Amino acid sequence: MKWTDVRLIAIELAETHPEVDPKVVRFTDLHNCVLALEDFHDDPKHGGEKVLEAIQAAWIEEAE
């Protein structure tokens, strides 16, 4: 996965961290969670605020 795979990342985060409320996750923690995903292989520097916002929004949808 890469940063552009927002929906796939959100699905993985929802499955990996079902106990986490994505509405309260700080971007620094979200960034680290994405980097820790087994199938994630992209430059950590490309995970900017806009991408993290999109991932968080998609994760919220997955969690509902």
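The values are calculated or read from the model by the stated rules, or taken from the named source; none is laboratory data. Since the model is a prediction, treat every value here as computed from it, not as a measurement. Glycine gets a Cβ as well: all are built from the backbone with ideal geometry, and neighbour counts include every protein chain shown.
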Subset of region 9-23 [part of a helix (DSSP H, G or I) and touching a residue at least 12 places away in the same chain (Cβ under 8 Å)]
I9, A10, I11, E12, L13, A14, T16, P22, K23
Pick from region 24-40 the residues that are surrounded by fewer than 18 Cβ atoms within 10 Å (Cβ to Cβ) and in contact (Cβ under 8 Å) with a residue 12 or more places away in the chain: which of them is nearest to A57 (Cα to Cα)?
F27
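Table: residues versus (1) at pLDDT 95 or above; (2) of a type in the set (G, A, S); (3) out of contact with any helix residue (DSSP H, G or I) (no Cβ under 9 Å at 6 or more places or on another chain); (4) closer than 13 Å to W3 by Cβ.
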position	(1), (2), (3), (4)
V25	yes, no, no, no
N32	yes, no, yes, no
L35	yes, no, no, yes
F40	yes, no, no, yes
P44	yes, no, no, yes
V51	yes, no, no, yes
I55	yes, no, no, yes
A63	no, yes, no, no
